[in-house]
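Written out below as structure tokens is the structure these notes cover.
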4 protein chains.
Amino acid sequence: MPRSATDLKPRILAEARRLLVTEGHGALSTRRIAREVGCTAPSIYLYFANKDALVHALVDEGFQLLRAHLEAAHAEAAARPGRSVEALCQAYADFALANPEYYEVMFHLGPAELSRYPKERYRVQRAVLDLIGRAALGPGAGPERTLRTATLIWSSLHGAISLHLAHRIDKSVRGPELLADAVRVAVQAARLEPTLRTE
Amino acid sequence: MPRSATDLKPRILAEARRLLVTEGHGALSTRRIAREVGCTAPSIYLYFANKDALVHALVDEGFQLLRAHLEAAHAEAAARPGRSVEALCQAYADFALANPEYYEVMFHLGPAELSRYPKERYRVQRAVLDLIGRAALGPGAGPERTLRTATLIWSSLHGAISLHLAHRIDKSVRGPELLADAVRVAVQAARLEPTLRTE
Amino acid sequence: MPRSATDLKPRILAEARRLLVTEGHGALSTRRIAREVGCTAPSIYLYFANKDALVHALVDEGFQLLRAHLEAAHAEAAARPGRSVEALCQAYADFALANPEYYEVMFHLGPAELSRYPKERYRVQRAVLDLIGRAALGPGAGPERTLRTATLIWSSLHGAISLHLAHRIDKSVRGPELLADAVRVAVQAARLEPTLRTE
Amino acid sequence: MPRSATDLKPRILAEARRLLVTEGHGALSTRRIAREVGCTAPSIYLYFANKDALVHALVDEGFQLLRAHLEAAHAEAAARPGRSVEALCQAYADFALANPEYYEVMFHLGPAELSRYPKERYRVQRAVLDLIGRAALGPGAGPERTLRTATLIWSSLHGAISLHLAHRIDKSVRGPELLADAVRVAVQAARLEPTLRTE
DNA sequence: CATGAATGAGCGTTCATTCAT
DNA sequence: GATGAATGAACGCTCATTCAT
């Protein structure tokens, strides 16, 4: 049963996301959202307890989308065993580049905002890591090692992505190429990982 | 250069750094700094032209320290050729862990704040990358390839470091170990890099 | 258009006018207005986009009132042709003396504040001048000469009025008498004007 | 015995005057003056008790200059009796146009600043009026009538001048011509004055 | 004679939020 | 379900001024 076409909640979220990415964190104000959406600022409080809750909703959205994106890639890659890590990594990078707004709000929350964010919701983040870890090591590996390997892969990806999104990378280094390389390094990381400590 | 017993400038910088890291970018206000330091807000303008200049000074400080740190490591490692990449990467990671406030300040500026940062000053960041790149490939490599490789190594390191500093990594994955692994992955990345595209 | 019992907008305007006249341009601050009116400073921004807009509203009000006053006088004087300049001049002086706050606000804006005033609105000032000019010369005179004559009359009136309102005139010279004389001089000015240059 | 070439007092006054006219009343701040003069703000307090005193010094300067200017014109015009009013009026207008900075600060002080200005100093203003009045009526006229006539002439001049300096006059009315006309009207005013009331 | 350090007051403005309607 | 009015707190910043040196 769809609500009225003017139902504000999704439009508020959409506008908040748009402002966040196109004008930066500093432009995300309730009044600004309201003006852009065509309602008044207090209306936002009909759908969100406060501004924090709005941002948290954005973060939630982001994690749900990321998980869905990775699960789709995972299912698709099931046919080609032995390659699913590549597929997942590429899917992760694709998501980040396609949705920089989500990625930024998901991972650029400072300690203050983060501490106000209900930890329980971060289980989705764990689920994503499990997905990567199992793709890299198979279901047989112990949970701790799975997590460690997944985290290592994730670090490699996240590094390139976050530097890229923050425009910290020299123009002469093409961003997409760097990301593709980072995916390959992440994959190698998974393979090398057992040997890293013994070297 | 004032030399009152309570010399404010360094205390302002230190407090700004602390606020930025422990309470996030939104808590960095001139009034807050002043309150915490024990002076009045206008006093800040005796030492910094405006808030931007204060933040830029913070970033500059960080890059200068990092460069000094890496150059020291570089000089020290000159004796053991062939190992200088490891040494530099480890030095980079050490710096980040030893000075988390500086590291966060340097890389948590978003594009919005960054756009007001005089580009000329980013030469220090380039210098750091050059150092890493030449350690990895030797002085013979072309500048473009040197930069690309250095950026790849840097990404790998930065990913692990920034996730670690942001407390995004599961407690069961020990941070220092992850970083050590990330260093090794970064080094491998440098070696693998030529083969990455052709594989 | 708000209709609360304490409708702030007119009270803000009135207080702004009062401050501007009794304490000078330097005392006109949003906070001061708010304190005097009994609201908070941000409330002002519910009715005016910014301080400039508030001042412009003040000037506009003044010019509208002046025009209405002069048009009424003009209509009334239509019956006695040949005397309408006197009537208009006297009406002008009457307005200034009866509404010193408005008059001062209209003409005490310096070039700096004036430069931010949308020029389009000055058409009211022109309309007032046209009224005076046509009363002096009749509808047959060319627009340029009409404007020149009107400006000369206006200058004469304005000089006496503004010195009077600024309390620059010695107490032994009775203000109203001076103004009445100034009106007569202004009228003579209109009659003499053609001969002024050739004399 | 001339002070050192860097004697600050005159330079402060000169800079204050310059700021007042080129950037308006709002730009006249102690810090700004100091920066422009090349000293520090507290240095100003070595020569002026406070900012008010500085402005008053400017006003004084202005009135002294105006009086000197008019007295010179008066002396020069002594040879051509019957024409000295014209000469004085023209000298007055010339002074205002040549020194708009002085004229503005002399006559654009708001009631707040004016009330703090020692009235005693306004005797110079009276002296100027006397000069004009006696030129118009000769030394035989009673002091009251002399003052009244002088004030009327002054009003006429001041009206045109202040509108001109405030840029309130339409571009198509050439300022100097308007002022020349105003001088003639003022002179006529003096001649008409006896007849004004009897009409 | 002049300064560097510092301040208290105030500026225009924006913020998230409340609440009666 | 949504609004208009209003607010307290804070923002970055400039002001005139003081005072020990």
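Taken together, the values in this text are just the output of simple stated rules run on the coordinates, not laboratory data. All values reported here derive from a predicted model rather than from experimental measurement. Note: ideal-geometry Cβ built from the backbone for every residue, glycine included; neighbour counts use all protein chains shown.
Miscellaneous remarks
- Dimensions in Å of the stretch B:1-108 - Rg and Dmax from alpha carbons: 16.7, 53
- For the peptides C:43-51, A:90-98, the ranking by mean Cβ contacts within 10 Å, running from highest to lowest, is A:90-98, C:43-51.
- Converting phi to 3J(HN,Hα) with the Karplus coefficients 6.51, -1.76 and 1.60 and the offset θ = phi - 60°, the stretch B:10-20 yields x, 5, 5, 4, 4, 5, 4, 4, 4, 4, 4 Hz in sequence order, with x at every glycine or proline.
- Here the Karplus curve 6.51 cos²θ - 1.76 cosθ + 1.60, taken at θ = phi - 60°, turns the phi angles of the stretch A:70-75 into couplings of 5, 5, 4, 4, 4, 4 Hz, with x standing for Gly and Pro.
- Across peptide B:140-149, the average count of Cβ atoms from other chains found within 10 Å of a residue's Cβ is 2.
- Rounded to the nearest 20, the size of the Cβ-charge dipole of the stretch C:1-48 about its Cα centre is 60 debye, with Lys and Arg at +1 and Asp and Glu at -1.
- Here the spin labels are modelled as points 7 Å beyond Cα on the Cα-Cβ line, and at C:Glu86 and D:Glu71 they lie 4.3 nm apart.
- Residue (of D:Pro81, D:Leu109, A:Thr6) at the positive-pole extreme of the protein assembly as shown, dipole from beta-carbon charges: D:Leu109
- Cα long-axis angle, helix A:123-137 against chain A (0 to 90 degrees, to the nearest 10): 20
- Among chain A residues, the one whose Cβ is nearest the axis of the rotation from A to D, given with its distance rounded to whole Å, is A:Gly26, 14.
- Given charges at beta-carbon only (K, R positive; D, E negative), |dipole| of the stretch C:60-196 in Debye: 360
- R0 of 56 Å, Cβ-Cβ distance B:Thr22-C:His167: FRET efficiency to nearest 0.05: 0.40
- Candidates C:Arg134, C:Arg174, C:Arg32: whichever shows maximal mean-square fluctuation once chain C is modelled as a Gaussian network with Cα springs under 10 Å: C:Arg174
- Calculated from backbone phi, Karplus (6.51, -1.76, 1.60) coupling profile of the stretch C:36-45 in Hz, x at Gly/Pro: 5, 7, x, 10, 9, 4, x, 4, 4, 6
- Tilt relative to chain A, helix A:143-165 - C-alpha long axis, 0 to 90 degrees, to 10: 60
- R0 of 56 Å, Cβ-Cβ distance D:Leu97-B:Ala14: FRET efficiency to nearest 0.05: 0.45
- The slack in the chain from D:Ala127 to D:Ala79, taken as 0.36 nm per residue of separation less the alpha-carbon distance, amounts to 15.1 nm.
- Between identical copies, the spacing of B:Lys9 label points, each set 7 Å from Cα toward the C-beta atom, reads 3.6, 5.3, 5.5 nm from nearest to farthest.
- Chain D, relative contact order in percent, only Cα pairs under 8 angstrom and at least six apart counted: 18
- Cα-based Rg of chain A normalised by 2.2 N^0.38 Å, two decimals: 1.16
- Acute angle (nearest 10 degrees) that the helix A:175-196 long axis makes with the longest principal axis of chain A, alpha-carbon atoms: 50
- Over the protein assembly as shown, the hull volume per residue, using the convex hull of the C-alpha atoms, is 270 Å³.
- The stretch B:20-134, dipole about Cα centre (Lys/Arg Cβ +1, Asp/Glu Cβ -1), debye to the nearest 20: 280
- Rounded Å value of the spacing that divides the Cα centres of the stretch C:71-143 and the stretch A:25-94: 62
- Highest-fluctuation residue, D:Ser156, D:Ser84, D:Ser172 considered, GNM on chain D with Cα pairs under 10 Å: D:Ser172
- Choice from A:Leu20, A:Leu131, A:Leu163 with maximal GNM fluctuation in chain A (Cα, 10 Å cutoff): A:Leu163
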